[in-house]
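A short write-up of the structure that comes next.
The values are calculated or read from the model by the stated rules, or taken from the named source; none is laboratory data. Every value quoted in this text rests on a predicted model; they were computed, and no experiment measured them. Note: ideal-geometry Cβ built from the backbone for every residue, glycine included; neighbour counts use all protein chains shown. Just the protein is used for accessible areas: all its heavy atoms, side chains included, with ligands, DNA and RNA removed. Shrake-Rupley method; radii C 1.70, N 1.55, O 1.52, S 1.80 Å.
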Amino acid sequence: MRLGISSGLIYDDAGKWAEAHCAMGLKSVVFPLDSNADKGLIKEYADAARANDLSIAEVGVWRNVNSSNPSEKKEMTDYAVRQLELAEEIGARCCVNVAGAIAGSRWDGGCRENFSEEAWKRTVESVQSIVDAVRPVKTKYCLEPMPWMIPTGPDEYLDLLSDINRDSVGVHMDIVNMINCPQRFFFQDVFMSEVFTKLDGLILSCHLKDIRLKEEYTWQLEECACGEGSLDIELYTSLATAHTSDMPMIIEHLHSDEEYRRSVAYVKSRLNIQ
């Protein structure tokens, strides 16, 4: 396992950035620059990662390429293409995005339309257009699963990959995002085993966090920091690394570098990582 954090820990000096990750005992990074950054600086950060044995797990897109606004859709798709080009240039394991909402005010929010035939068609076509524009060989484009937009589970993910039909598309795993109902929450062990059995060999990077059930009506699940919920982190990481020993496991969605440091220490202690 290659533990990492989604915090950029950005420094003006690429070497100090890499050293800061190494000092925390990390082995993976989320690339902290995007495709709009100075090319020389991008190279410095990529070189610093390689020199310090830091696997570049992800280049993020985080834009709505399925927007119903044509001009916004083009702008976001062009950005996704540039981000995939960046991932290819620096040899990242994957370039990751979510499908994107096709209605509503929140670009990554939930709505009925996200599960329509139109949403499926747009998602397939948008991914195809992005990877066909770049044709990467060192990296792959991935969609992160979400509770309220495709793909929400392993079968849906496999169907989506089949319809996209591109070798340059892989799987990004966020198991907490897939736990979206009582059955998956209370039987996490069964569900996680199903996910990693069905998607075996396709997963390129994983997010690491926790989940808890709020004790109020109605059914409410809440993402939280590792150790503050009920996720079987030991099972999750063991399944993720069963066939990919160097799988990136990226702790995310904390609010400060200090919170990340505490979470890294907690995870390493819980998993007996030196």
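At a 10 angstrom cut-off on C-beta neighbours, averaged per residue, how do the peptides 86-93, 75-82 rank from highest to lowest?
86-93, 75-82
For the chain, what is the percent of antiparallel DSSP beta bridges, rounded to the nearest 5?
Around 20 percent of the beta bridges assigned by DSSP in the chain are antiparallel ones.
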### Top positive-direction residue, dipole computed over the range 46-127 with Cβ charges, set Gln83, Val127, Cys94
Val127
### Message
Under a Cβ-only charge scheme (Lys and Arg +1, Asp and Glu -1), can you give me the dipole magnitude of the range 122-267 about the Cα centre, in debye to the nearest 20?
### Response
380
### Query
Using the eigenvalues of the Cα gyration tensor, what equivalent ellipsoid semi-axes result for the chain when each is taken as the square root of five times the eigenvalue, whole Å, largest first?
26, 25, 17
### Query
How much of the accessible area of the range 1-71, probe 1.4 Å, is carbon plus sulfur, in whole percent?
49
### Query
Quick one: of the DSSP bridges fully inside the range 87-213, what percent are antiparallel, nearest 5?
10
### Task
Would you work out the charge dipole size for the chain about its Cα centre, treating the Cβ of every Lys and Arg as +1 and the Cβ of every Asp and Glu as -1, and quote it to the nearest 20 debye?
280
### Task
Name the residue farthest towards the positive end of the dipole of the chain from the options Pro70, Thr241, Met173, assuming +1 on Cβ of Lys and Arg, -1 on Cβ of Asp and Glu, about the Cα centre.
Thr241
### Query
Expressed in nm to one decimal, what extension gain is obtained for the pair Val190 and Lys16 from 0.36 nm per residue of sequence separation less their Cα-Cα distance?
58.4 nm
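Tell me, what is the Rg over Rh of the range 130-271, with Rh the Kirkwood radius over Cα pairs?
Value, to two decimals: 0.98.
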### Query
Of the accessible area of the range 121-274, with the probe set at 1.4 angstrom, what percent is carbon plus sulfur?
48
### Exposure of Arg270 as accessible area (Å², to 10), given a probe of 1.4 Å and all protein chains
70
### Task
For an R0 of 35 angstrom, estimate the FRET efficiency from the Cβ-Cβ distance between Lys121 and Arg270 and round to the nearest 0.05.
0.25
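At 1.4 Å probe size, with every protein chain present, just tell me what the per residue accessible area of the range 195-239 comes to in Å².
I get 49 Å² per residue for this part.
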### Query
When only C-alpha pairs under 8 Å and at least 6 residues apart count, what is the relative contact order of the chain, in percent?
18
### Summary
So, with points 7 Å from each Cα along the Cβ direction, the Glu215-Ser68 label distance in nm works out to 4.1
#### Entry: Whole-Hz couplings from phi, Karplus 6.51/-1.76/1.60, listed for the range 196-201; x for Gly and Pro
6, 6, 6, 9, 4, x
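Using a probe radius of 1.4 Å on heavy atoms only, what accessible surface per residue do you get for the range 8-99? Whole Å² is fine.
I get 42 Å² per residue for the range 8-99.
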### Message
To check you understand DSSP bridge types, tell me what percent of the beta bridges within the range 31-149 (both residues inside) are antiparallel, rounded to 5.
### Response
10
### Message
Sequence gap at least 6, Cα distance under 8 Å: using those rules, report the relative contact order of the range 42-104 to the nearest whole percent.
### Response
44
### Summary
With all protein chains in place and a 1.4 Å probe, His253 shows an accessible area in Å² (nearest 10) of 100
### Query
In a GNM of the chain with a 10 Å cut-off on Cα contacts, which of Val176, Val134, Val264 has the highest mean-square fluctuation?
Val134
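Give, rounded to the nearest 20 debye, the magnitude of the charge dipole that the range 187-246 has about its Cα centre when Lys and Arg contribute +1 at Cβ and Asp and Glu contribute -1 at Cβ.
Roughly 160 debye for the range 187-246.
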### Task
Based on alpha-carbon positions alone, could you give the equivalent ellipsoid semi-axes of the range 1-43 from the gyration tensor, as √(5λ), descending, whole Å?
19, 12, 8
